[in-house]
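Encoded as structure tokens, the structure appears first; notes follow it.
The values are calculated or read from the model by the stated rules, or taken from the named source; none is laboratory data. Keep in mind that what you see is a predicted model, and the values were worked out from it rather than measured. Here the Cβ positions follow ideal geometry from the backbone for every residue, glycine too, while neighbour counts run over all protein chains shown. Protein only, heavy atoms only, side chains kept; ligands, DNA and RNA dropped before computing areas. Shrake-Rupley method; radii C 1.70, N 1.55, O 1.52, S 1.80 Å.
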Amino acid sequence: MEEDAVSIWPRMEPFLLGALQVAPPSKLSLHYLRKMASYVRTRDGCFPSMSWPMWRHIACGKLQLHEDLAWLYFETFDLLIGHVPEERLEWAECLSQCSNKSELDQQRSRLSVDTLQFLLFLYIQQLNRVSLRTSLIGEEWPSMRAPSPSRSDREAKTSSQNKNWDDQAHLSFVQSHLGEILELLVEPGQLSQSGQVLRGCQISLEALRSLALLLEGSAGPGRAVQPVHRLLTKPPLQTQAGFCSASRCFPLQKLLLCLQNRLALNPFGITACLQSGKKLAWAQQVEGSMKRARIARNTHTAPPGSKMVLMSQVFKQTLAKTSDKLNGANIKIHRCADAFIYLLSPLRSVSLDKCRDCTVVLGPVETSVHIHSCQNLRVMCVSGRIAIGVSSRCTIHTLTPTRPLLLPGNTDITLGPFHTFYPSLEDHMGSVGLAVVPNAWDRPLLVGTEGLYNPSLNSSSNPAPLCYRLLPPAEFNTVVVPFEMEGDTCEVPGGLPPLYQAAVEEKEKRIQNWQKTVLETPLNKQQKQQFQDLVEVKFHEWLLETGHRQELDSLIPPAVNSLKDSTTGTQAVNHTRHMRTGRAVGQSPMAC
């Protein structure tokens, strides 16, 4: 192992998926986490693993957090660390059988987490914390004429500065806070009465294993990625970090210096993907609208957990894809406008950032869908979690086992039940461990910097107005995915909620009545033709007024479109006109 070739970097997923996209409560500051670190090591049932009842006791009794917020952090960590699909499906089945809060609490009590890793997870919630100066005034000092921003304005600004995808921010955060991170791993006996680390203290190898949540590395370019503790127990870092094989400990200061000298930017992060990731080919350009679009991926080189696909500036285009290249990848869709995007594969996570006037249909998303700084978006997804922040006029149709998170800065958000399908949807859901129950799409959590908002309250201590509504059944319509694929799914998984199913049946009944009226009306051949022409004119006027004409036109395949996947044998999604059955015939609007 060449000494100069060894590098260590922050892992992407803890920051991307684990850090909530909102400034954390003040009770999750280092001061309180130090107290918690000492407390859990001296109490039975808290170390080395901690159950939900013990965390609830600490969070609600000691840190004064709301129980729903305490569960949110516990549940987010459980989503992050990953389980095999069979475990997630079994967990979903158990939750679906709970009929009251007592049974739900009993079921949740079965969950436990690695205590030290959970502490580190709570610490990195500081990623989206901003300084007092930045949160108040941004980049300028206040003037005598400038009014002080309201609390809701400060929260929206904080949330708009999203760092979860920014690998430069991840590196900077670890470099600035590595000392404090390591201090959380020190045993209480090596701390002063005030909680400060004593000189010459040590960190055990067992405790350092928890650092693998945040850091990994390799012995050189092209070498296998390893957890950080394995690199630190082998030459040359073993000597630099001061590891003693007899005591199985590291001197804190030596370890800190070694890690600081080896920290580097993640070679599988968004920066590297943009600079050297594999560019994906576009199979279709419509009137030059795709010339500025960019799409890149690192899925051919990145290890699991670091695979990503980046899509940017898709404009007035339909993009549709199902491919092994998407399976298990973290997707970022950035600055797209007037686009229709279908990603019909099982995905790890999806972020929609600064998009407007788009329709997005996703395959099952194992962890989270995060919508940030978007306008007039329509999203359809089955997901482990959905979070929405700093967005307006967005309609989200989702099937999710967790409560949707409404972060600061939202206006006019509409939540509706999941209402579409494609033939392989249920197979994809099973592959990522997502079931049809429980489904919490209609029970959102409103999250602010100091905890949860209660929409029923209207006081100065609860400044957030009600920023969402549930879609009225009268406005509800199902959506057909207009592509032909292999699979057995032929209806919306789990069906529709009763009120929405009744609304659909009522509309279908009206259509049948209309068709019957037309058939029974005594018109001659010329009158029937005139009537048909009039209906078609009105229909096309409606298509233009609603924007659906663009959606349908973008599905028409060009005559020369015969591109196929050139790197793997994966089948591209076919496309053509909308059909009642949801099946269609044609070629792919885009091949990757």
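Can you work out which of the residues in segment 453-472 that are modelled with pLDDT of 80 or more and of a type outside the set (A, V, I, L, M) is farthest from the chain's Cα centre (by Cα)?
Ranking the candidates gives PRO472 first.
Which one of these is touching a Leu at 6+ places or on another chain (Cβ under 8 Å) and open to solvent by 30 Å² or more (accessible area, probe 1.4 Å): HIS66, HIS31, HIS57?
Checking each option against the conditions leaves just HIS66.
Give the residues of segment 43-54 that are part of a strand (DSSP E or B) and open to solvent by less than 50 Å² (accessible area, probe 1.4 Å), sorted by residue number.
MET50, SER51
Taking VAL361 as the residue in question, decide whether it is assigned to a strand (DSSP E or B) and crowded, with 24+ Cβ neighbours inside 10 Å.
No, not satisfied.
Among what's in segment 215-248 and is part of a helix (DSSP H, G or I) and among the β-branched types (Val, Ile, Thr), pick the residue that is farthest from ILE8 (Cα to Cα).
Among those that are part of a helix (DSSP H, G or I) and among the β-branched types (Val, Ile, Thr), it is THR239.
Tell me yes or no: at least one residue of segment 288-298 is of a type outside the set (A, V, I, L, M), modelled with pLDDT of 95 or more and part of a loop (DSSP other than H, G, I, E, B).
no
Within segment 311-343, count every residue that is surrounded by fewer than 22 Cβ atoms within 10 Å (Cβ to Cβ) and of a type in the set (A, V, I, L, M).
1
Filter segment 461-512 down to the residues that are more than 12 Å from PRO417 (Cβ to Cβ), open to solvent by less than 30 Å² (accessible area, probe 1.4 Å) and not in a loop (DSSP other than H, G, I, E, B) and list them by number.
ASN462 - this is the single residue of segment 461-512 that is more than 12 Å from PRO417 (Cβ to Cβ), open to solvent by less than 30 Å² (accessible area, probe 1.4 Å) and not in a loop (DSSP other than H, G, I, E, B).
Residue under question is ALA207, and the condition is that it be among the aliphatic types (A, V, I, L, M), surrounded by fewer than 21 Cβ atoms within 10 Å (Cβ to Cβ), at pLDDT below 95 and in a helix (DSSP H, G or I); does it hold?
Criteria not met by ALA207.
Return the only residue of GLU520, GLU450, GLU426, GLU484 being under 24 Å from the mean Cα position of the chain (by Cα) and modelled with pLDDT under 95.
After ruling out the rest, the residue left standing is GLU450.
Please determine, by comparing only the residues of segment 6-28 that are part of a helix (DSSP H, G or I) and open to solvent by 30 Å² or more (accessible area, probe 1.4 Å), which one is farthest from ARG56 (Cα to Cα).
SER26
Looking at (1) of a type outside the set (Gly, Ala, Ser); (2) open to solvent by 30 Å² or more (accessible area, probe 1.4 Å); (3) more than 21 Å from GLY430 (Cα to Cα); (4) at pLDDT below 95, which is the one condition that is false for HIS83?
Only one criterion is unmet by HIS83, namely (3).
Can you tell me which residues in segment 63-115 are without any contact (Cβ under 8 Å) to a residue 60 or more places away in the chain, under 22 Å from LEU406 (Cβ atoms) and hydroxyl-bearing (Ser, Thr, Tyr)?
Correct list: TYR73 only.
Of the residues SER247, SER276, which is in contact with a strand residue (DSSP E or B) (Cβ under 8 Å, 6 or more places away or on another chain) and either loosely packed, with under 15 Cβ neighbours inside 10 Å or within 30 Å of HIS334 (Cβ to Cβ) (or both)?
The unique qualifying residue is SER247.
Can you pull out the residues in segment 76-118 that are among the acidic types (Asp, Glu), under 18 Å from LEU214 (Cα atoms) and part of a helix (DSSP H, G or I)?
ASP78
Filter segment 523-552 down to the residues that are open to solvent by less than 70 Å² (accessible area, probe 1.4 Å) and within 17 Å of LYS316 (Cβ to Cβ), then identify the one that is farthest from the chain's Cα centre (by Cα).
LEU543
Exactly one of these conditions fails for GLU475: (1) within 30 Å of GLY389 (Cβ to Cβ); (2) at pLDDT below 95; (3) in contact with a helix residue (DSSP H, G or I) (Cβ under 9 Å, 6 or more places away or on another chain). Give me its number.
For GLU475, the exception is condition (2).
Do we have PRO235 as at pLDDT 95 or above and farther than 30 Å from SER49 by Cβ here?
Here the answer is no, as PRO235 does not meet what is asked.
Take the conditions within 19 Å of SER112 (Cβ to Cβ) and polar (S, T, N, Q) and apply them to SER38. Does it pass?
Criteria not met by SER38.
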